[in-house]
Amino acid sequence: MGNVEPLRRLCRPGLWQDYDRFGIGAFAFNVSDGLQDSRDPVLDFNDEKGIEAWHSLGLTPWAKLTADVQYVNPARGALEPALITALRLNVAF
């Protein structure tokens, strides 16, 4: 009967090829009360949280274009939350 694959890919949004990749992640660093208290006169420490999403578009089997976006709420209380973006071209030869 041959090679039967019931589902090769469920969803193909946008430009999608077999060597594309994407991901979403989140993180949280919980700073201990002891560290917060010991640094309180000098530094204002809080918990740090963030989320990241990226998509790597396989232009060819040897070239990938990756876009990345992160939102970080930093541990340093004096710093504002940041939105960080990046675009990277990776060529393997």
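A few points about this structure:
- For the stretch 22-91, the extents of the C-alpha atoms along the principal axes are 53, 17, 16 Å, listed from largest to smallest.
- Extension gain, L79 to D37, is 13.3 nm, computed as 0.36 nm per intervening residue step minus the present C-alpha separation.
- Residues whose amide H comes within less than 5 Å of that of N46, counting only those at least five positions distant or on another chain, are R76, G77 (H built at 1.01 Å from N in the peptide plane).
- Spin-label pair N46/F22, simplified geometry with 7 Å Cα→Cβ offset, distance in nm: 3.1 nm
- Taking θ as phi - 60° and the Karplus parameters 6.51, -1.76 and 1.60, the scalar couplings of the stretch 74-80 work out to x, 5, 5, x, 7, 9, 7 Hz in sequence order, x denoting glycine and proline.
- Net charge of neighbours whose Cβ lies under 13 Å from the Cβ of W54, counting Lys and Arg as +1 and Asp and Glu as -1: 0
None of the figures in this text is laboratory data; all of them are computed from the coordinates on show. Note that this is a predicted model, so its numbers are computed, not measured. Cβ sites come from the backbone with ideal geometry, for glycine too, and all protein chains shown count toward neighbours.
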